[in-house]
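*Asks:* I have a structure here, written as C-alpha cells, and I will follow up with some questions on it.
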Amino acid sequence: MTGASEIMSAPVYAVSPKDNVARARNLMLRYGVSRLVVAEGDDLKGIVTKKDIGKRLSQAEPQWRRRPIDQIPVDIVATHKVITAKPDAPVHDVASTMLSHGISGIVVYDKGILGIVTKHDMVKYFTLVGCPLRVGDMMSEKVVTVSRHHTINSVIEIMEENGVDRVIVRNGGPLTAYVGMITLDDLGFASMDFRDVKPIKEAHRAVRAGPKKLRGVREAMMVAEDVMSVPLVSVDKNAMAVEAAKTMLEHNYDMLPVIDGELLGEFSVESIIRWLSEALE
C-alpha cells in the first residue's frame, strides 16, 4: 500500500513566523510552490499559502491597506492549526483527511518535517494508478462564473458567498463565451493592492450595429480580466479522467471547465481526491 512519503514533495520550503509576507511571496515565486511551512527549526508553527495571502491582503480594513507587505509578519496571515500525516499513512487516508478538513496540503511529519503532500501530488498519483472513469462520471455541476468586468473585491465576495476558491470568467452575459479562470491563488499574487485603478474607455453606438464612438474615460478598480488565467483550457465530458488530469498538471490548474456548447460543470482536484479516498480504500 502506497504511503504518504512515497508521493510527497520534498524538500519543504519554510519561513519563520517573524519573516514578512514579501519574503514568503518571493519564495513561492522563486520555487514555484503555493505553500510554505512556518517553522522554527523542526518545530512546526503553521503553514502559509497563496490563498492565505490573497484572502488577508484583500481585506478592506485600513490597518491592512496602510501596511506594506514587507512589514506584515507571516505569523499574522498563516494558518496555525496544521494537519499532519505520518510517512506511512495510506494515500486514501491522506485523501480523506484533505476532503474532511477542506485543505489542499498535508505536512508529512515524524520527529521533524519530512515533506508535504499537495493536491498536485495527488493528481500525479491519480495519473499513475489509473482510473477507468470519464470526466462526465466525476465532474461537479457547480460552477461559479463572473463577468470580466467584475472588480477584484466583487470576485472575492462571490467566491466567499458560494464557498469556492475559483471562478470562470465570461465575456459579458451568462450565455456568452468563457474566456478565463481566476483562483484565490491568482488574487494573492496578481496585485498586492486591490485598490488599484486604471483608465477605462467607455464607448457607445449612436444606432444599433453602428460604429462605436468614444464617450469618455473613467477610473475603475482592477477587474477580473486583469488577473484571470488565459487561455481558458476546457475538457469534454467524454474525455478519460486520467487524460484530463494530465492536462491539469501540464497547465498547473486545479480545475478544468467541462464545456460542450455550454458550461456543464468542472473536473477538479477535489473530484480526483474524492475518487482516491474511495476507490483505494
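The values are calculated or read from the model by the stated rules, or taken from the named source; none is laboratory data. Quick caveat: nothing in here was measured; it's all calculated off a predicted structure. Reconstructed Cβ throughout: ideal geometry from the backbone, glycine too, with neighbour counts over all protein chains shown. Surface accessibility is based on the protein's heavy atoms, side chains included, excluding ligands, DNA and RNA. Shrake-Rupley method; radii C 1.70, N 1.55, O 1.52, S 1.80 Å.
*Asks:* Can you give the convex hull volume of the alpha carbon atoms of the range 4-129 per residue, in Å³?
*Replies:* 106 Å³
*Asks:* Follow-up question, since we're still on this one. List the pair-distance distribution P(r) of the range 108-149, using every Cα-Cα distance, as the percent of pairs falling in each 5 Å bin from 0 up to the bin containing the longest distance, rounded to whole percents.
*Replies:* 5, 14, 13, 16, 15, 13, 11, 9, 3, 1
*Asks:* Let me ask another. Given Cα pairs under 8 Å that are at least 6 residues apart, what percent is the relative contact order of the range 4-129?
*Replies:* 34 percent
*Asks:* To continue, here is another question. Run the dipole for the range 4-129 about the Cα centre, Lys and Arg Cβ at +1, Asp and Glu Cβ at -1, nothing else charged, and hand back the magnitude in debye, nearest 20.
*Replies:* Charge dipole of the range 4-129: 660 debye, to the nearest 20.
*Asks:* Give me, ordered by chain and number, the residues 5 or more places off Gly180 or on other chains with an amide H under 5 Å from its own placed amide H.
*Replies:* Val169
*Asks:* May I pose another question? Excluding ligands and nucleic acids, what accessible area in Å² is computed for His80 using a 1.4 Å probe, to the nearest 10?
*Replies:* 100 Å²
*Asks:* Compare the Cα positions of Val21, Val82, Val33 along the charge dipole of the range 4-129 (+1 at Cβ of Lys, Arg; -1 at Cβ of Asp, Glu; about the Cα centre) and return the one farthest towards the positive end.
*Replies:* Val21
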